[in-house]
């Protein structure tokens, strides 16, 4: 039976000798599977090697967040969402999460790195606080609300930037 | 040869046609080119050094490269991807595009958080670094030398989904589905990004049955994904399920996993077969139309 143009000859068997998978391909595939499966099964990350732990920890009504609190001269404050900052600051929660065990110099460096971007959107900022927020989600009459519980980890002021620049 | 060994041999090194290889190769090159061209990498240039935490393969960086360097990598990567699609020195072109994409995705992930958005495409494309370059698309015989890059990419993809499900069970147990987990995933929303359809996320979060059904669907698809390596007729269905999963994730959590959706659809749907099916269908419709037009008219 002849195949129509473009159809696949499913019954045709190619010559096994001329249709071999090259040895280099077998080596590459072996290496790829080791690099994929070892971190994948153990569960560690050495990007691009990864444990593929996407959303793997079950969430509940509490969550630890890392937040920025901009404080004005008069003491009024507001939480600044990192999503409001330019793209390069949007993953700042992860460096902030490492601060409790970090040196004062490191805390100050991260705080100052964020301060300039916060001042750009909140020019009246007199102090920036990096805080751990043990937030809780509660259902009220008007729907779900987040109850914040802030613990300030580090504070920096625009004057610190000027000292650093001097 | 034992049955298991035969099955592994078929799953990894089974035959495919030259046309399917060419389509997947070009498709992956297009995807890599689009990710390089459309990704917001340039904006990373002025990241303060204190917020830079380079991924291990870029561990020698103490700060982000300048915007000029990043744009340069993007230009080279896009040109290489175009050359790979046009099959101009395809092996070198594909390797350069893949490497540029790896570096750019690595830069994006060098801010503390482990990012997975680009990893499936990077991993699934890796076997194609050694894919055969002398491909005669008129060759209609399915051959192992054309098939192995596609088959290996399929196995990698199936394992990636399985591992994502495995870690959910390992770290949270079946409570990941049966508990309140998905309710709170929806109500808390993403830690990065914004939901495109916030009311939908809230609706799922407020209806526990919908939250649990979503959890069961996600874990079910992930953990059972390797089934497609045994039951090949399920491949297109799993591809559609994965596309649905990633599209809804974008709507309710705003997370950019379109590279995953496109990679799965490209690998697990036999596009040349779909094209043949559409051609046959349209030929059939045309034949019916023609036969209606030439129906003998009584009395003529």
Open item on the list: Given the -39500 (n - 2.57) contribution per DSSP H run of 4+ residues, what per-residue ellipticity at 222 nm results for chain B, rounded to the nearest 500 deg cm²/dmol?
Closed with: -21500 deg cm²/dmol
- [ ] Can you pull the one-decimal nm distance between simple spin-label points at residue B:99 and residue B:66, each 7 Å off the Cα toward Cβ?
- [x] 2.2 nm
Open item on the list: Can you tell me how the range B:1-134 classifies by the Cα gyration tensor, rounded, prolate or oblate, using a/c under 1.5 as the rounded cut?
Closed with: oblate
Open item on the list: Between residue A:27 and residue B:76, how high is the FRET efficiency from 1/(1 + (r/R0)^6) when r is the Cβ-Cβ distance and R₀ = 22 Å? Nearest 0.05.
Closed with: 0.20
Open item on the list: Over chain B, what is the relative contact order in percent, taking alpha-carbon pairs closer than 8 angstrom and at least six residues apart?
Closed with: 22 percent
Task: Average beta carbon contacts from partner chains per residue of B:157-168, 10 Å cutoff - done: 5
Task: Cα gyration tensor category, rounded, prolate or oblate, for the range A:107-166 with a/c compared to 1.5 - done: prolate
Task: Extension gain from residue B:213 to residue B:281, taking 0.36 nm per residue of separation minus the Cα-Cα distance - done: 20.8 nm
TODO: Over the whole of A:85-97, what's the average partner chain Cβ count within 10 Å per residue? Rounded to a whole number, please.
DONE: 6
Open item on the list: Within 10 Å of each Cβ in B:142-153, how many Cβ atoms from other chains are there, averaged over the peptide?
Closed with: 4
Open item on the list: If I take R0 = 25 Å and measure r between the Cβ atoms of residue B:40 and residue A:44 in this structure, what FRET efficiency does the formula 1/(1 + (r/R0)^6) give, to the nearest 0.05?
Closed with: 0.35
Task: Gaussian network model of chain B, Cα within-10 Å springs - most flexible of B:41, B:25, B:101 - done: B:41
TODO: Compute the length gained on full extension between residue A:119 and residue A:160: take 0.36 nm times their separation in residues and subtract their Cα-Cα distance, giving the result in nm to one decimal.
DONE: 13.5 nm
Open item on the list: Just to confirm the number: angle between the C-alpha axis of helix B:67-85 and the first principal axis of chain B, 0 to 90 degrees, nearest 10?
Closed with: 20 degrees
- [ ] Within 10 Å, count the other beta carbons around each residue, average over each peptide in A:130-137, B:107-114, and list them highest first.
- [x] B:107-114, A:130-137
Task: Relative contact order, percent, the range B:158-271 [alpha-carbon distance under 8 Å, six or more residues apart] - done: 32 percent
Open item on the list: Among B:48, B:90, B:65, which one shows the highest mean-square fluctuation when chain B is modelled as a Gaussian network with alpha-carbon springs under 10 Å?
Closed with: B:48
Open item on the list: Counting only helical runs of four or more DSSP H residues, what would the 222 nm mean residue ellipticity of chain A come to if each run contributes -39,500 (n - 2.57) and the total is spread over all its residues?
Closed with: -9500 deg cm²/dmol
Task: Tilt relative to chain B, helix B:208-224 - C-alpha long axis, 0 to 90 degrees, to 10 - done: 70 degrees
Task: Highest-MSF residue in chain B out of B:275, B:286, B:164 [GNM, Cα springs under 10 Å] - done: B:286
Open item on the list: Angle check, please: helix A:104-121 long axis (alpha carbons) against the longest principal axis of chain A (alpha carbons), in degrees 0 to 90, nearest 10.
Closed with: 90 degrees
Task: Cβ crowding within 10 Å averaged over residues, with A:111-119, A:29-37, B:127-135 ranked highest first - done: A:111-119, B:127-135, A:29-37
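Coordinate-derived values only; no laboratory data. All values derive from a computational prediction rather than experimental measurement. All Cβ positions, glycine included, derive from the backbone under ideal geometry; neighbour counts span all protein chains shown.
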